[in-house]
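Chemist: Would you mind keeping the following structure in view while I ask a few things?
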């Protein structure tokens, strides 16, 4: 899954636990940290998709289309700004958020059918 590979690539930059004297830590220790961060990231994405499904059901009940370009633009701009504070590239955040948005639209559409 392309989204997962993009997100996993960013984990080194997202974790405060990565900071410190890495010269004294073994590769195995670093990989354990990555594994734990990956699990947290996947859990957060799962929680986000549950919220997306609830939004999809709400939109279906109120005849609101799944695609809301203005809302996505707000989310994208907010996250680009947050990423700058973490020294992450806009290109990376755009790719991640576009992938999440695509998956969210799929989830919302499925939720509207149910």
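Derivation of every value follows stated rules applied to the coordinates shown; laboratory data play no part. The shown structure was predicted, so the numbers you read here are calculated from the model rather than taken from an experiment. Heads up, the Cβs are rebuilt from the backbone with ideal geometry, glycines too, and the neighbour counts pull from every protein chain shown.
Chemist: Going by average Cβ neighbours within 10 Å, how do the peptides 88-99, 60-71 rank, with the highest at the top? Mind dumping the intermediate values first?
Modeler: On the way: 88-99: 15.7, 60-71: 11.1.
So the order, starting with the most tightly packed, is 88-99, 60-71.
Chemist: Which three semi-axes in whole Å describe the equivalent ellipsoid of region 27-95, each the square root of 5 times a Cα gyration tensor eigenvalue, listed largest first?
Modeler: Values: eigenvalues 182, 73, 10 Å².
Equivalent ellipsoid semi-axes, largest first: 30, 19, 7 Å.
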